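Below: the structure, in structure tokens.
The values are calculated or read from the model by the stated rules, or taken from the named source; none is laboratory data. Remember, predicted model here, so these are calculated numbers, not experimental data. Note that we place each Cβ from the backbone using ideal geometry, even for glycine, and neighbour counts take in every protein chain shown. Surface areas here come from the heavy atoms of the whole protein model, side chains and all, with no ligands, DNA or RNA. Shrake-Rupley method; radii C 1.70, N 1.55, O 1.52, S 1.80 Å.
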Amino acid sequence: MTNALIIGNWKMNTSLEGAIALARATADAVQKVGGGVDVGICPPYLWIVPVRDAVGETALRIGAQDCAATDDGAYTGDVSATMLSTCCSFTLVGHSERRSNHHETDEIVRQKLHQAFNAGLHVILCVGESEAERQAGRAEQVVQRQLDSALDGLGYTRLPQLSIAYEPVWAIGTGVAATENDAADMATVIRNDLVSRFGSAGDQVRILYGGSANDRNASSFLAANNVDGLLVGSASLSPEAFGRMIASAVQRG
Ligand code: PGA
């Protein structure tokens, strides 16, 4: 069984001093469990390098929350995957806050995915339906559309660089997580899609659940069928809570 993957998405939070302290405490939590889980954090862009330098050579992976859809050039305010690859090992792509606040279409998400792959980054591709889409019974259809756009034409050789996070938009930052059954059902839709595209190689891609995941519900999500990890927002800002989530991932075996 592959290790669970636990990712902390700090969003636009922390001061520089706070970021360094949080990263160090998180690196300590990773060291304390002594393996059996893969853990990454996504600090705000500006803190990536100081955080990386502060944690030094630990097992904690450093990632970005987003990357640009194009390579270096005249794109004011953007940060390319090539630039990120000098200080990060992975990036989120297609987070719902990017899709909604920055009008990122499926096509832009696809371009970002390829930019990140080409730069050698591991990608956590985020997919998930809105509340209205779920109410209308369209949750699977929406996730399927996001997967089709992102994964069409993708070669097998990219699979080791890919993880997928199922994050229902209505569960993000609301304190109302999906049920384990909802998470398992959608993770199974994603798994079936991967296996139908890539055969048994699709089984190697880790599928994460995200959306109000915390230290109280982590174990149940990690026990859900086809869920191989967690994408954690607010709870990753507490080293104690995030540390407990890391420990639950190890206990999962
Ligand atoms: P949350 O955020 O854990 O605060 O709901 C999750 C995410 O946006 O990735």
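Things worth noting here:
Results for (1) within 16 Å of the ligand (Cβ to nearest atom); (2) touching a Phe, Trp or Tyr at 6+ places or on another chain (Cβ under 6 Å); (3) closer than 22 Å to Asn214 by Cα, shown as yes or no for each residue.
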residue	(1), (2), (3)
Leu5	yes, no, yes
Thr14	yes, no, yes
Ile20	no, no, yes
Asp28	no, no, yes
Thr58	no, no, no
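- Across the stretch 121-179, the qualifying residues are those that are open to solvent by 10 Å² or more (accessible area, probe 1.4 Å) and touching a Lys or Arg at 6+ places or on another chain (Cβ under 7 Å), and the one among them that is nearest to the ligand (Cβ to nearest atom) is Trp170.
- In this structure, Ser238 does not qualify as more than 22 Å from Lys32 (Cβ to Cβ), open to solvent by 20 Å² or more (accessible area, probe 1.4 Å) and within 12 Å of the ligand (Cβ to nearest atom).
- When the residues of the stretch 9-27 are filtered to those that are under 21 Å from the mean Cα position of the chain (by Cα) and of a type in the set (D, E, K, R), the one that is nearest to Phe90 (Cα to Cα) is Lys11.
- The one condition in (1) at negative phi; (2) buried (at least 18 other Cβ atoms within 10 Å of the Cβ) that Glu57 fails to fulfil: (2)
- Only listed residue being within 13 Å of the ligand (Cβ to nearest atom) and either assigned to a loop (DSSP other than H, G, I, E, B) or out of contact with any Phe, Trp or Tyr (no Cβ under 6 Å at 6 or more places or on another chain) (or both), chosen from Leu208, Leu194: Leu208
- Condition check for Asn226: away from the ligand (no atom under 16 Å from the Cβ), in a loop (DSSP other than H, G, I, E, B) and open to solvent by 20 Å² or more (accessible area, probe 1.4 Å): yes
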